[in-house]
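The values are calculated or read from the model by the stated rules, or taken from the named source; none is laboratory data. Predicted model only: the values in this text are computed from it and were never measured. Glycine also receives a Cβ, built like all others from the backbone with ideal geometry; neighbour counts cover every protein chain displayed.
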């Protein structure tokens, strides 16, 4: 950087030494780009050279539990805190274990997209959403501004609460809700000169909403604004939205990415560069948004991921593709069973040909590196679905309370099957009117199908439904 000339010779010495580390990492990145998805998931950017030279031969990325990094002298400290050399400094800002996770996620999300991607890992999926949207919601001129953003109303309950309460009620920033995200005309009608971004969750939790991702990205870019998408339930194994024009992808790592159920975390990934008209003097803001977030607002706000959680996430991600394949196939089997059950009046699952968004989802959701025998990737639709129990809401509660194998919990994405009733749990605070707009009736049970044999899940559903 140009300001480097004002630094002392001692600082410059560390800058020169750092060039070798940077070159080594860039060489590892170049090699990784020639590898398959499964290989990337297993190895990430943790190389044999790094294991042997810096980590006593450990073949698995080490867990760094130190709160802070020590420096040789004042010159190295100055170079590090001035962002002139690779550093982690303090675990609230970064950590070596967290870096391994960020590099891996960037590789997986960018796989076969042709895009350069940066990543910032956070303490939770909600903290990733907050870090992703806040930098766009800053004032750009003196006096009043009518700042707004446009979002599908079919989002996770926590996302709805954050947008409706923290942004609209507390800060006066308007969120313009889209009730039918598959309708591009509805999006067009809600955008104006003060719109800062478009936001979508796909597939949505719990009602399996979807949209034409490329069309939404093109629409956003035509207005000079970014398209943000929460792709938690798909994971990079089934969908990589940046390949279709998305600027920023958000994941709750707590969910499908880490099905073992031992980690909590989030991830914000961005293409280089993003589309935005928001003015920001820092060149990273547009050129590498996730890095900008990490080095500046994230540093000051403190939503850091625990190294423990980063380590758990790394280990869960190693089998992501095969895991999402198995869970998706199990969910497909269960959805087909429920679709024919006389006590179920609707099944929401993108994998069902009868579902109204099936064809749209089929354009985007495929199992990475699979082959249907003709050279095309195989469609897989994830392991989240919902079904609606016939009769009054009490019927859904009775079925729910009768599960013997399926866990009753607000969680999703687990290796074990888990169910909840969103109207009284994850989306309760949303309120009855907003739940109606988002199509979340009290008869709806959200089911995340795990890795158990589907016959056993079906048997549990069958006995529960037979209590009616």
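A few points about this structure:
- Failed item, numbered, when residue 397 is tested on (1) in a loop (DSSP other than H, G, I, E, B); (2) surrounded by fewer than 18 Cβ atoms within 10 Å (Cβ to Cβ): (1)
- Count - residues of the stretch 424-468 that are within 25 Å of residue 332 (Cβ to Cβ) and not in a loop (DSSP other than H, G, I, E, B): 17
- Once the stretch 273-284 is narrowed to residues that are under 20 Å from the mean Cα position of the chain (by Cα) and either in contact (Cβ under 8 Å) with a residue 24 or more places away in the chain or under 26 Å from residue 254 (Cα atoms) (or both), the residue that is surrounded by the most Cβ atoms within 10 Å (Cβ to Cβ) is 274.
- Hits in the stretch 421-456 (condition: touching a residue at least 60 places away in the same chain (Cβ under 8 Å), closer than 26 Å to residue 325 by Cα and either surrounded by 23 or more Cβ atoms within 10 Å (Cβ to Cβ) or assigned by TED's automatic domain parsing to the domain that holds residue 161 (or both)): 422, 444, 446, 447, 448, 449, 450
- Scan of the stretch 401-420 for residues that are surrounded by fewer than 17 Cβ atoms within 10 Å (Cβ to Cβ), under 21 Å from the mean Cα position of the chain (by Cα) and in contact (Cβ under 8 Å) with a residue 60 or more places away in the chain, ordered by number: 411
- Flag for residue 197 being touching a helix residue (DSSP H, G or I) at 6+ places or on another chain (Cβ under 7 Å) and within 24 Å of residue 447 (Cβ to Cβ): no
- Checked against (1) touching a strand residue (DSSP E or B) at 6+ places or on another chain (Cβ under 6 Å); (2) under 24 Å from residue 443 (Cβ atoms); (3) free of Cβ contacts under 8 Å to residues at least 40 places away in the same chain, residue 336 meets all criteria but (1).
- Looking across the stretch 38-49, the residues that are surrounded by fewer than 19 Cβ atoms within 10 Å (Cβ to Cβ) and in contact (Cβ under 8 Å) with a residue 60 or more places away in the chain come down to 38, 42.
- Of all the criteria given as (1) exposed (fewer than 15 other Cβ atoms within 10 Å of the Cβ); (2) in a helix (DSSP H, G or I); (3) under 30 Å from the mean Cα position of the chain (by Cα); (4) modelled with pLDDT of 95 or more, the one not satisfied by residue 52 is (3).
- Condition check for residue 261: within 20 Å of the chain's Cα centre (by Cα) and surrounded by fewer than 15 Cβ atoms within 10 Å (Cβ to Cβ): no
- Flag if residue 234 is under 30 Å from residue 309 (Cα atoms) and modelled with pLDDT of 95 or more: yes
- Lone qualifier among 101, 45, 84, 63 - being touching a helix residue (DSSP H, G or I) at 6+ places or on another chain (Cβ under 8 Å) and within 30 Å of residue 160 (Cα to Cα): 101
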